[in-house]
Amino acid sequence: MVKFNPLTDVPPLGGKVAIVTGGNRGMGFQLMQQLAIHGAKVYMAARSEGAAKEAIARIESEMPEHGGKVLFLHLDLGTIKGADAAARRFLETESRLDILIHNAALMSHNYARTADDLEDSLAVNHLAPFAFTQVLLSLLVATPKIPQSDVRVSSSVHTLAPRGGKFSTKEEINNTLSWSPLTTNSIFARYARYGRSKLILFAMELRTRFASSSSSPALSIALHPGCVATETVLASMHAVPIIGPLMRFAVSRLAMSPLDGAATALFAATPPVVRERAGEFAGAYLVPYGEIAGAGDGLHARRLWEASEELVREILRKP
């Protein structure tokens, strides 16, 4: 484990360009603020322009003189086409991308489908970020060729994916992961769908693809921020029957703050030690703050990538 303090150990980031999804509140806000304070040009990729601009104003009001810049990038992870379009708008604006942090996510909630007719946890937490990253891949591969660059992609993930939680076809994706229609929205089914949507496999396969593209490739790192008392986490507990209020109280008192929760992603994205030990950290799964907790299965990672690629391609072809 590597000790890391998000307030003192983030290195200077002047000249670097970053994207943080869901950066207008919680851990995402803390990530945005710390990256900008240390000099990066950071895009807040979020759905609500009003909420994003309010958050940007808060960051700018506390920005030191040597700080970077914070900009809004409209990103709606509710549709594959929305994610694809957001990435293409970014490409029209920037010629480099040093840091990409996938932070936005749906938490445990009742079963629903997106406009693309996909189970929304897997669609928003995996498929839309996958589509977004696919468009940016060429830039992520090209940026390491710029002198003094150090490209990193980090994703917040979960390891409690259920057995039988497959995702090769739309039918498998839309599986409720419940024992019967009566338990579709049980706490067990909700967390099973959430766990399936946050697999570490995407980061593993992305590492493989980066490694084959450059002599100094971008690093792809999966991470678990720990139990963090964010607004999203606390709000998700309202839907838990009977014990929801007790869970909310316990988490609000015992869990990490959003800034402490952001530490693992900041560690994955910024300090030189991660690049110096790239052989250990590339494709790794981190837990607070810099402990490598293992990785998933490479064969399943490739299969998930290929299935995701085909499904995204199919949706983008539709008029």
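So, in region 243-272, how many residues would count as being exposed (fewer than 15 other Cβ atoms within 10 Å of the Cβ) and under 26 Å from Ser212 (Cβ atoms)?
1
Is there a residue in region 294-311 that is crowded, with 21+ Cβ neighbours inside 10 Å, closer than 27 Å to Ala128 by Cβ and modelled with pLDDT of 85 or more?
Within region 294-311 (the criterion being crowded, with 21+ Cβ neighbours inside 10 Å, closer than 27 Å to Ala128 by Cβ and modelled with pLDDT of 85 or more), the answer is yes, since at least one residue qualifies.
What's the number of the condition Leu13 fails, among (1) part of a strand (DSSP E or B); (2) aliphatic (A, V, I, L, M); (3) in contact with a His (Cβ under 8 Å, 6 or more places away or on another chain)?
Leu13 satisfies every listed condition except (1).
Please tell me if Thr114 is within 16 Å of Asn174 (Cα to Cα) and β-branched (Val, Ile, Thr).
yes
Taking region 202-250 only, how many residues are assigned to a helix (DSSP H, G or I), modelled with pLDDT under 75 and farther than 28 Å from Phe29 by Cβ?
0
Regarding region 44-66, can at least one residue be identified that is modelled with pLDDT under 90, acidic (Asp, Glu), over 15 Å from Ala262 (Cα atoms) and over 17 Å from the mean Cα position of the chain (by Cα)?
Taking every residue of region 44-66 in turn, at least one turns out to be modelled with pLDDT under 90, acidic (Asp, Glu), over 15 Å from Ala262 (Cα atoms) and over 17 Å from the mean Cα position of the chain (by Cα).
Would region 78-86 turn up any residue that is of a type in the set (Ser, Thr, Tyr), within 24 Å of Gly261 (Cβ to Cβ) and in a loop (DSSP other than H, G, I, E, B)?
Checked against the condition, which is being of a type in the set (Ser, Thr, Tyr), within 24 Å of Gly261 (Cβ to Cβ) and in a loop (DSSP other than H, G, I, E, B), region 78-86 yields no hits at all.
Rundown of residues vs (1) touching a residue at least 60 places away in the same chain (Cβ under 8 Å); (2) in contact with a strand residue (DSSP E or B) (Cβ under 8 Å, 6 or more places away or on another chain), yes/no style:
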{"residue": "Asp116", "(1), (2)": "yes, no"}
{"residue": "Thr133", "(1), (2)": "yes, yes"}
{"residue": "Ala142", "(1), (2)": "no, no"}
{"residue": "Val157", "(1), (2)": "yes, yes"}
{"residue": "Ser180", "(1), (2)": "no, no"}
{"residue": "Arg190", "(1), (2)": "yes, no"}
{"residue": "Gly195", "(1), (2)": "no, no"}
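The values are calculated or read from the model by the stated rules, or taken from the named source; none is laboratory data. Remember, it's a predicted structure, so these values are computed and weren't measured experimentally. All Cβ positions, glycine included, derive from the backbone under ideal geometry; neighbour counts span all protein chains shown.
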